[in-house]
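Each remark here refers to the structure printed beneath this line.
Where a number appears in this text, it was derived from the coordinates with a stated rule and is not lab data. Computed from a predicted structure; not experimentally measured. Positions of Cβ are generated from backbone atoms using ideal geometry, with glycine treated the same way; all protein chains shown enter the neighbour counts.
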Amino acid sequence: MNKLQPTNAPVNLGRHRRACSICAHAQCEDIDAAFIAWRSPAAIAEEFGLSDRASVYRHAHAFGLFPKRQRNVRAALEKIIEKAGEVDVTAAAVVAAVQAYSKINAAGQWIERTEQVSLNDLFDRMSTQELEEYAQSWKLPRWFTAIAQSATGNDGQE
């Protein structure tokens, strides 16, 4: 087992507080906030004069900071997006980060936005000529398929 991976074992908070350098630290709340904001545990340890990143992970596990950090995934994506102009990244990586960011709500939940399209309404918009062509050849107008594909997220290429 990796030492830095949180376990599901309950932590004795009294014992933890007595031995934890972060709990005794004058800037304990700032350290917690930095962890939740996706700062690197190694950078946190260096900035606040802690012995190593393992102490940050132990403290975070003891106080249940991992779920809070996971709900704050937007902060990690914001950092990627902000750094896009300063480091060599592909355009695809920036676009992917922006797309992911746009799908995460304030509570850190992934939200898939959907659009409903009524096929009946689309058929009602078809001209007589388009309806006749569809009846004879099963061929839909381009505008019809474009709307249907954008609503389903299907580009028609399997």
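Keeping to the stretch 68-81, report how many residues are part of a helix (DSSP H, G or I) and closer than 13 Å to residue 32 by Cβ.
Residues meeting the conditions: 2.
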Of all residues in the stretch 83-122 being assigned to a helix (DSSP H, G or I), without any contact (Cβ under 8 Å) to a residue 12 or more places away in the chain and not polar (S, T, N, Q), which is nearest to residue 67 (Cα to Cα)?
-> 96
Is there a residue in the stretch 17-26 that is surrounded by fewer than 13 Cβ atoms within 10 Å (Cβ to Cβ), at negative phi, in a loop (DSSP other than H, G, I, E, B) and in contact with a helix residue (DSSP H, G or I) (Cβ under 9 Å, 6 or more places away or on another chain)?
-> yes
